[in-house]
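Read through the structure below, which is laid out as structure tokens, and then see the notes.
Derivation of every value follows stated rules applied to the coordinates shown; laboratory data play no part. The shown structure was predicted, so the numbers you read here are calculated from the model rather than taken from an experiment. In this analysis, Cβ positions are derived from the backbone assuming ideal geometry, glycine residues included, and neighbour counts consider all displayed protein chains.
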Amino acid sequence: MLVLSSPSGAGKTTISRRLLERDANLQMSVSVTTRPMRPGEVEGVDYYFIDAAAFRRKVDERALLEYATVFGHGYGTPRGPVEQALGAGRDVLFDIDWQGTQQLAESARQDLVSVFVLPPSTRELERRLKARAQDSDAEVARRMAKAADEMSHWAEYDYIIVNHDIEDSVRRVEAILIAERLKRERQIGLHEFVRALREGQ
Ligand code: 5GP
């Protein structure tokens, strides 16, 4: 489970998209949310958009691996697709906030790799949020105010990337993925492989 967190506008969504294009063994976890759909977003690709009652039901049925309230809306990770992907030996990429990351760490620390993406500067963060132009001015102001809060959690993450350049940041996350996949405990079947090597097979 690879988690990418950052304040809105730091570039995490673009990094995620490029990673998924390049890595066939990686699949995105599509969250449910109660927030309204933005222009250009696609149901089932960006999110599953559901109402507050349906969100509550999912929480009650324990159908969410983690969930949190962000900007006044419910966000959560459907459990089924993640368990299915992990069971099939695939890696799963999560674009979730620090609250969700903490919950995943509580339930599966060994399987979790967390990366926090920081913007190069406050000014650049504001520029990116405005350039995105998907949110109203009031929403941009609210997200800027929230950014400082979110960034206070950087030290809870395994890796920190300052996103000066998207392509460079993507390469860094790829390097993290490669190294983490090579960790001894993640290489299933290694005992058998080495035994066979030692026995000259
Ligand atoms: P946005 O509304 O801009 O798509 O996302 C707002 C924030 O919610 C982002 O920081 C994003 O990482 C976070 N988020 C998205 N999906 C989930 C989720 O399933 N769980 C949690 N905890 N946070 C989420």
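Structure summary
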{"read-out": "Fewest-first sequence of Glu124, Glu192 by Cβ atoms within 10 Å of each Cβ", "value": "Glu192, Glu124"}
{"read-out": "Table column - 3J(HN,Hα) (Hz), segment 45-52, Karplus curve with 6.51, -1.76, 1.60, x for Gly and Pro", "value": "10, 7, 7, 9, 8, 10, 8, 4"}
{"read-out": "Potential extension, Ala108-His153 segment - 0.36 nm per residue separation minus Cα distance", "value": "14.3 nm"}
{"read-out": "Cα shape, segment 11-100, gyration tensor, a/c 1.5 rule", "value": "oblate"}
{"read-out": "Segment 59-108 versus segment 1-38: alpha-carbon centroid distance in Å", "value": "13"}
{"read-out": "At R0 = 30 Å, FRET efficiency that the Cβ-Cβ distance of Asp165 and Ser136 yields, to 0.05", "value": "0.55"}
{"read-out": "HN-Hα J in Hz across segment 137-150 - Karplus 6.51, -1.76, 1.60, θ = phi - 60°, x for Gly and Pro", "value": "4, 4, 5, 4, 4, 5, 5, 5, 5, 6, 4, 4, 4, 4"}
{"read-out": "Distance in nm between pseudo-label sites at Ala63 and Glu21 (7 Å out along the Cβ direction from Cα)", "value": "3.3"}
{"read-out": "Qualifying trypsin sites (Lys or Arg not before Pro) in segment 43-152, DSSP loop, other Cβ atoms within 10 Å at most 12", "value": "Arg62"}
{"read-out": "Extension gain from Arg38 to Gln201, taking 0.36 nm per residue of separation minus the Cα-Cα distance", "value": "52.9 nm"}
{"read-out": "Simple spin-label estimate for Lys146 and Ile178 in nanometres, 7 Å along Cα-Cβ", "value": "3.5"}
